[in-house]
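Taking it in order: structure first as structure tokens, then the write-up.
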Amino acid sequence: MGTSERRTVRDLRRGNRAMLLRALYFGGPASRNELSGATGLSAATVSTMTADLLADNLVVEAGQVDSDGGRPRVLLRVNPAYGYAVGVDVGETRVSVELFDLEMKEHARAHYVVRSARHDPELVARHILTGVEAVIAESGVPAERVLGVGVGVPGIVEPGPGALVRAKTFAWEAVPLGTLLRAGTSLPLYVDNGAKTMGQAELWFGSGRGTREAIIVLMGSGIGGTIVTGGTIYRGAGRAAGEVGHLKIVAGGRPCRCGARGCLEAYLGAEAILDRAGIVADSADEEAALAGLLESGSPVIRESVDLLGVGLSSLVHLFNPERIVIGGWAGLMLGGRLLDEIRAATAANTLAQPFRPDSVVLGRLGPDAVALGAATLVIEAFFGDAALRDPVPTIA
């Protein structure tokens, strides 16, 4: 009985600690009184817990503010130098590895070009491991301060020690990426779908912040997505929810890389847009080729905007989101020039009542949002928020 009670008290303290950390992390510097109001914890509990966090150097003082008729209130914030997270974006054109502090300020990065025919799992794993070593060395951060490595990959990730990845675009079928990486590092590893890591980054820090119901679309070489409902990422029964690239928009249409026909990804994403324009480009050359196509005023771009509007309209009718965020390097390139046209194309295919054209926005975090989001997997685990309904796959 005593052991059970002690465990319950310990769990309660851990939950309170996580609640305070999240309040400071997402709300910014705050006084103890403000933390009590934000979390619902008593002033005594906040005082005790923040004293522990200060003693651990996880929280630091961040100045003072005047109070009404009393002593100035001390502001607290999460110590950005307490720990660091590595975020990895395994894309179709390159593997990007970046090191962030707890404020998500980048301290170092490494990039490795990947050619269309070279998505060999062992090569990708070597790029990741080499990049992790490189960014830690470049930053000068002590290895013991690195909290873990988050990896965003295409396809579906099965939870478990092996982190099996099924990615049609790479011809990966149950590739044990976690096992490959574990052979080269002892750091904690977290692997998730890259569109979902981008989605989490935009939800935490970018254009999705403050929303409860949102769709976040990643357009790169292909198309992926994140569904946000109730303020959290919806994953579905098989963790495959959000594969918006495989919505069918043309019955019996163009063949898709997934093996079906008429998918959104068979028409959109850089690879499909270039193919429809008759342009042959290796994955490493797609950015320059798409930029050139946009400059040319090709009718394929106009058609692509219309097709994107059809796809986004389906998402509006299915989910009635507060906001649709378009990200990924190709999405930002297309939307940066043609956002008004994308909004108009979506409105033309959508019932007026559930849709506002200005709810379609661009991502704010740039083309590196997948790596940033992958690093948030590490931060999320670090906070130890056991209240999350559906934690990301973790490799112990």
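A few remarks follow.
- Contacts under 7 angstrom Cβ, first residue in the range 21-48 being within 17 Å of Val65 (Cα to Cα), partner outside any helix (DSSP H, G or I) and modelled with pLDDT under 90, 6 or more apart: Pro29/Ala62; Ser31/Val65; Ser31/Arg73; Asn33/Arg73
- Residue in the range 64-85 that is touching a Pro at 6+ places or on another chain (Cβ under 7 Å), assigned by TED's automatic domain parsing to the domain that holds Thr130, outside any strand (DSSP E or B) and farther than 30 Å from Gly222 by Cα present: no
- Qualifying residue in the range 135-142 (condition: part of a strand (DSSP E or B), modelled with pLDDT of 95 or more and more than 20 Å from Ala369 (Cβ to Cβ)): no
- Residue identified as buried (at least 24 other Cβ atoms within 10 Å of the Cβ), part of a helix (DSSP H, G or I) and not assigned by TED's automatic domain parsing to the domain that holds Ala284 among Ala375, Ala381: Ala375
- When every residue of the range 186-198 is checked against the conditions, at least one turns out to be over 22 Å from Met104 (Cα atoms) and more than 17 Å from the chain's Cα centre (by Cα).
- Once the range 236-285 is narrowed to residues that are assigned to a loop (DSSP other than H, G, I, E, B) and free of Cβ contacts under 8 Å to residues at least 12 places away in the same chain, the residue that is nearest to the chain's Cα centre (by Cα) is Gly236.
- Condition check for Val228: in contact with a Phe, Trp or Tyr (Cβ under 9 Å, 6 or more places away or on another chain), part of a strand (DSSP E or B) and assigned by TED's automatic domain parsing to the domain that holds Thr130: no
- Among the numbered conditions (1) at negative phi; (2) at pLDDT 95 or above, the only one that Gly262 does not meet is (1).
Here is a yes/no grid of residues against (1) of a type in the set (A, V, I, L, M); (2) assigned by TED's automatic domain parsing to the domain that holds Leu189; (3) under 14 Å from Gly178 (Cα atoms); (4) in contact with a helix residue (DSSP H, G or I) (Cβ under 6 Å, 6 or more places away or on another chain):
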residue: Thr93; (1), (2), (3), (4): no, yes, no, yes
residue: Asp101; (1), (2), (3), (4): no, yes, no, no
residue: Ala108; (1), (2), (3), (4): yes, yes, no, yes
residue: Val113; (1), (2), (3), (4): yes, yes, no, yes
residue: Val124; (1), (2), (3), (4): yes, yes, yes, no
residue: Leu129; (1), (2), (3), (4): yes, yes, yes, no
residue: Val135; (1), (2), (3), (4): yes, yes, no, no
residue: Val141; (1), (2), (3), (4): yes, yes, no, no
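- Selection count where residues are under 19 Å from the mean Cα position of the chain (by Cα) and buried (at least 20 other Cβ atoms within 10 Å of the Cβ), scope the range 105-130: 2
- Filter pass, Gly83 being among the small types (Gly, Ala, Ser) and either touching a residue at least 12 places away in the same chain (Cβ under 8 Å) or within 25 Å of Glu287 (Cβ to Cβ) (or both): yes
- Number of residues in the range 348-383 that are in contact with a Lys or Arg (Cβ under 7 Å, 6 or more places away or on another chain) and either basic (Lys, Arg) or in contact (Cβ under 8 Å) with a residue 60 or more places away in the chain (or both) equals 2.
- Residue match in the range 158-167 (condition: of a type outside the set (A, V, I, L, M), surrounded by fewer than 17 Cβ atoms within 10 Å (Cβ to Cβ), at positive phi and out of contact with any Asp or Glu (no Cβ under 8 Å at 6 or more places or on another chain)): yes
- Unique match (being at pLDDT 95 or above, of a type outside the set (S, T, N, Q) and part of a strand (DSSP E or B)) among Val310, Val217, Val305: Val217
- Of all residues in the range 185-210, exactly one satisfies the criterion of being over 28 Å from Val124 (Cα atoms), small (Gly, Ala, Ser) and without any contact (Cβ under 8 Å) to a residue 12 or more places away in the chain, namely Gly210.
- Among residues of the range 211-226 that are in contact (Cβ under 8 Å) with a residue 12 or more places away in the chain, none has a beta-carbon under 6 Å from a residue that is polar (S, T, N, Q) and part of a loop (DSSP other than H, G, I, E, B) at least six positions away or on a different chain.
- Candidate set from the range 305-325 (those that are closer than 15 Å to Leu218 by Cα and of a type in the set (Gly, Ala, Ser)); member that is surrounded by the fewest Cβ atoms within 10 Å (Cβ to Cβ): Gly309
- Within the range 28-39, tally of residues that are closer than 23 Å to Ala381 by Cα, surrounded by fewer than 18 Cβ atoms within 10 Å (Cβ to Cβ) and either of a type in the set (A, V, I, L, M, F, W, C) or modelled with pLDDT of 90 or more (or both): 2
- Residue in the range 67-84 that is under 15 Å from Gly148 (Cα atoms), surrounded by 16 or more Cβ atoms within 10 Å (Cβ to Cβ) and in contact with a Phe, Trp or Tyr (Cβ under 8 Å, 6 or more places away or on another chain) present: yes
The values are calculated or read from the model by the stated rules, or taken from the named source; none is laboratory data. As the structure is a computational prediction, the values presented were derived from the model and not from experiment. Counting neighbours? That spans all protein chains shown, and the Cβs are built from the backbone with ideal geometry, glycine included.
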